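*Asks:* Have a look at this one before I ask anything.
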Amino acid sequence: MEKSPLHSISEENYLKAIFALTPTSPSGVSTNDIAKRLDTKAASVTDMIKKLADKKLVNYKKYQGVKLTNEGRKVAISTLRKHRLWEYFLVEKLHFKWDEVHEIAEYLEHINSDVLINRLDDFLGNPEFDPHGDPIPDKDGNLTPHQNITLNDLQKDESGVIVGVKDHSSAYLKFLETNGLLLGINVKVIDIQEFDESVKIIVNQQNEISLSQKASKNLIIRKL
């Protein structure tokens with residue numbers, strides 16, 4: 001049975017967005033960055049931040065940005081855990097493609113039942129990563145961020161294995177799939193263009209592919 005929601009869908013979305021932006025803005029996430037990520041107006045962000053602050057979910061000081069409180073971080077991680085577990089379920093059990101699951105998981109992540117999510121986690125075998133290579137928080141909220149680099153960081157003749165993506169857009173994921181750039185695939189940089197930092201790579205020691213800087217900066221690699 002579902003519990004009565006403690007937080008609205010909008011509040012959970014804001015907390016998740018702030019959590020995602022925090023690593024690049026540790027001193028405080030700006031309202032403009034939140035607005036950009038959620039595709040909304042800065043004035044709307046300010047109104048919501050005030051509500052979240054009243055609920056002790058964020059700390060906010062004008063011109064200093066937004067920080068999650070411990071409780072706000074718990075809500076954000078819980079929402080993230082549900083989202084990534086549902087993505088894993090959709091891909092592994094219902095055979096959706098990895099570019100089809102994000103929007104569905106955006107709805108499912110707001111189901112407020114710890115019993116359901118913990119049973120789902122156990123049913124799936126407690127996976128550590130979602131279909132895009134992102135770490136799944138455990139039931140205690142523990143989350144280990146990626147310690148890996150991007151393809152753009154590899155030098156000529158260096159190799160790595162694809163372990164995740166930074167860009168979850170359908171267009172990018174379809175591009176990767178079309179070119180055989182999936183999780184677990186080995187890649188080796190054979191040339192780097194000085195002009196635009198585009199790279200030429202060999203995929204699984206077979207096919208040569210050229211990637212733009214934008215494409216390579218969004219591909220997470222474990223260096224070999």
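The values are calculated or read from the model by the stated rules, or taken from the named source; none is laboratory data. The structure displayed is predicted, hence computed values, not measured ones. Virtual Cβ from ideal backbone geometry, glycine too; neighbours counted across all protein chains shown. Note: accessible area is taken over every heavy atom of the protein model, side chains too, but ligands, DNA and RNA are not part of it. Shrake-Rupley method; radii C 1.70, N 1.55, O 1.52, S 1.80 Å.
*Asks:* Charges on Cβ only, +1 for Lys and Arg, -1 for Asp and Glu, centred on the Cα centroid of region 64-171; of ALA171, LEU94, TYR107, which one is farthest towards the dipole's positive end?
*Replies:* TYR107
*Asks:* Right, something else. Among all the lysines, which ones have a C-alpha under 26 Å from LYS51's C-alpha, if same-chain residues fewer than 8 places away are not counted?
*Replies:* LYS3, LYS16, LYS36, LYS41, LYS61, LYS62, LYS67, LYS74, LYS82
*Asks:* What residues have an amide H closer than 5 Å to that of SER30, excluding those fewer than 5 places away on the same chain, when H is modeled at 1.01 Å from N in the peptide plane?
*Replies:* VAL66
*Asks:* Per-residue ellipticity at 222 nm for the chain, helices alone: DSSP H runs ≥ 4 residues times -39500 (n - 2.57), over residue total, nearest 500 deg cm²/dmol? Before the final figure, lay out the partial values.
*Replies:* Details: 8 runs with 88 residues, N = 224.
Rounded to the nearest 500, it is -12000 deg cm²/dmol.
*Asks:* Ignoring ligands, DNA and RNA, please state the percent of accessible area on the chain from carbon and sulfur, probe 1.4 Å.
*Replies:* On the way: 6430 of 13210 Å².
Accessible surface attributable to carbon and sulfur in the chain totals 49 percent.
*Asks:* Each residue of region 19-36 in turn: what ³J(HN,Hα) in whole Hz from Karplus with 6.51, -1.76, 1.60 and θ = phi - 60°, glycine and Pro shown as x?
*Replies:* 4, 5, 8, 4, x, 8, 9, x, 7, x, 7, 6, 5, 5, 5, 5, 4, 5
*Asks:* Placing unit charges on C-beta atoms (Lys and Arg positive, Asp and Glu negative, everything else neutral), compute the dipole magnitude of region 62-162 about its Cα centre in debye, rounded to 20. Kindly include the intermediate steps, with their values, before the conclusion.
*Replies:* Working: 12 positive and 19 negative charges, 93 e Å.
So the magnitude is around 440 debye.
*Asks:* Scaled to the compact-protein estimate 2.2 N^0.38 Å, what is the alpha-carbon radius of gyration of region 137-224, rounded to two decimal places? Show your work: numbers first, answer last.
*Replies:* Numbers: Rg = 13.5 Å, N = 88, 2.2 N^0.38 = 12.1 Å.
So region 137-224 has a normalised radius of gyration of 1.12.
*Asks:* Residue-wise, which Karplus ³J(HN,Hα) couplings in Hz belong to region 187-199, taking 6.51 cos²θ - 1.76 cosθ + 1.60, θ = phi - 60°, and x for glycine or proline?
*Replies:* Taking θ as phi minus 60°, the curve returns 9, 9, 7, 10, 6, 10, 7, 5, 5, 10, 6, 5, 10 Hz for region 187-199.
*Asks:* Give me the percent of Cα-Cα pairs in region 129-186 that sit more than 12 Å apart, rounded to a whole number.
*Replies:* Values: 1199 of 1653 pairs.
For region 129-186, the fraction of Cα-Cα distances above 12 Å is 73 percent.
*Asks:* Same structure again: To the nearest whole percent, what portion of all C-alpha pairs in region 35-83 is separated by more than 12 angstrom? Write out the running numbers ahead of the final one.
*Replies:* Values: 792 of 1176 pairs.
When all Cα pairs of region 35-83 are counted, 67 percent exceed 12 Å.
*Asks:* A further question on this structure: Roughly how many debye, to the nearest 20, is the charge dipole of the chain about its Cα centre, given +1 on each Lys and Arg Cβ, -1 on each Asp and Glu Cβ, and no other charges?
*Replies:* On the way: 30 positive and 33 negative charges, 175 e Å.
Charge dipole, the chain, about its Cα centre: 840 debye, nearest 20.
*Asks:* Could the peptides 95-101, 137-143 be put in order, highest first, of the mean number of other beta-carbon atoms found within 10 Å of their residues? Working shown, then result.
*Replies:* Numbers: 95-101: 17.0, 137-143: 13.3.
Packing order, densest peptide first, comes out as 95-101, 137-143.
*Asks:* Here is a further query. Could you give the radius of gyration (one decimal) and Dmax (whole number) of the Cα atoms in region 67-165, in Å?
*Replies:* 15.1, 49
*Asks:* Counting only Cα atoms, I'd like the Rg/Rh figure for region 7-64, Kirkwood definition for Rh. Walk me through the numbers on the way to the answer.
*Replies:* Details: Rg = 10.2 Å, Rh = 11.3 Å.
The Rg/Rh ratio comes out at 0.91.
*Asks:* Per residue, how much accessible area does the chain have with a 1.4 Å probe, in Å²? Don't skip to the answer; put the middle values down first.
*Replies:* On the way: 13210 Å² over 224 residues.
Computed with neighbouring chains in place, this is 59 Å² per residue.
*Asks:* Related question: Report the normalised scattering of the chain as log10 I(q)/I(0) at q = 0.14, 0.18 Å⁻¹, calculated by the Debye formula with identical scatterers on the alpha carbons.
*Replies:* Once normalised to I(0) and log-transformed, intensities are -0.96, -1.29.
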